[in-house]
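Student: Shown below is the structure under consideration.
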Amino acid sequence: LLNVNLRREPLAFCLGTSGAKALVFGGELAAAVAEMSGELGKSLVKFCSGDVGPDGVFPDTQLLDPLLKETSTAPLAQPPGKGMDDRLFYIYTSGT
């Protein structure tokens with residue numbers, strides 16, 4: 001979870017430092033992500049949720065809402081393994 005006021009280099013730095021594999025952002029932040037899209041690695045998967053506005057999103061960004069609608073709600077036959085060192089997300093505070 002990142003401060004929504006981060007832009008350009010500070011935002012790219014947080015994403016790079018964290019080792020993030022994906023970025024999920026709301027449509028209201030599409031312009032901020034577009035500003036630094038070139039600084040992000042090609043391996044970072046980008047998902048946009050909500051109204052993307054008139055400018056839309058970059059071609060390498062997937063719209064999350066349609067993907068979620070297509071996803072099955074049935075429980076997984078075999079839940080993925082998890083351990084004490086697994087991370088789902090980091091929470092960045094104003095001090096980071």
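Student: Considering only residues that are of a type in the set (D, E, K, R) and under 20 Å from PHE89 (Cα atoms), which ones fall in the stretch 1-41?
Tutor: Within the stretch 1-41, ARG7, LYS21 qualify.
Student: Suppose the filter is under 18 Å from ASN3 (Cβ atoms) and surrounded by 10 or more Cβ atoms within 10 Å (Cβ to Cβ); does LEU63 pass it? Give the steps one after another, and end with the answer.
Tutor: Numbers: under 18 Å from ASN3 (Cβ atoms): no; surrounded by 10 or more Cβ atoms within 10 Å (Cβ to Cβ): yes.
So LEU63 fails the test.
Student: Please enumerate the residues belonging to the stretch 29-53 that are within 18 Å of LEU68 (Cβ to Cβ) and either exposed (fewer than 13 other Cβ atoms within 10 Å of the Cβ) or of a type outside the set (A, V, I, L, M, F, W, C) (or both).
Tutor: Selection gives LYS46, SER49, GLY50, ASP51.
Student: So, ALA20, is that one surrounded by 15 or more Cβ atoms within 10 Å (Cβ to Cβ), of a type in the set (Gly, Ala, Ser) and within 15 Å of LEU1 (Cβ to Cβ) or not? Steps first, please.
Tutor: On the way: surrounded by 15 or more Cβ atoms within 10 Å (Cβ to Cβ): yes; of a type in the set (Gly, Ala, Ser): yes; within 15 Å of LEU1 (Cβ to Cβ): yes.
So ALA20 passes the test.
Student: For the list (1) surrounded by 10 or more Cβ atoms within 10 Å (Cβ to Cβ); (2) under 14 Å from the mean Cα position of the chain (by Cα); (3) not charged (D, E, K, R), I need the number of the one condition that ILE91 fails.
Tutor: (1)
Student: Pairs only if they're at least six apart or on different chains, beta carbon under 9 angstrom, first in the stretch 47-71 and under 15 Å from LEU23 (Cβ atoms), second of a type in the set (Lys, Arg) and not in a loop (DSSP other than H, G, I, E, B); list them, first residue then second.
Tutor: VAL57/LYS46; PHE58/LYS46; ASP60/LYS46; THR61/LYS46; GLN62/LYS46
Each reported figure results from applying straightforward, stated rules to the coordinates on display, with no laboratory input. Model, not experiment: these values are computed from the prediction. Quick reminder, even Gly has a Cβ in these numbers, built from the backbone with ideal geometry, and neighbours come from all protein chains shown.
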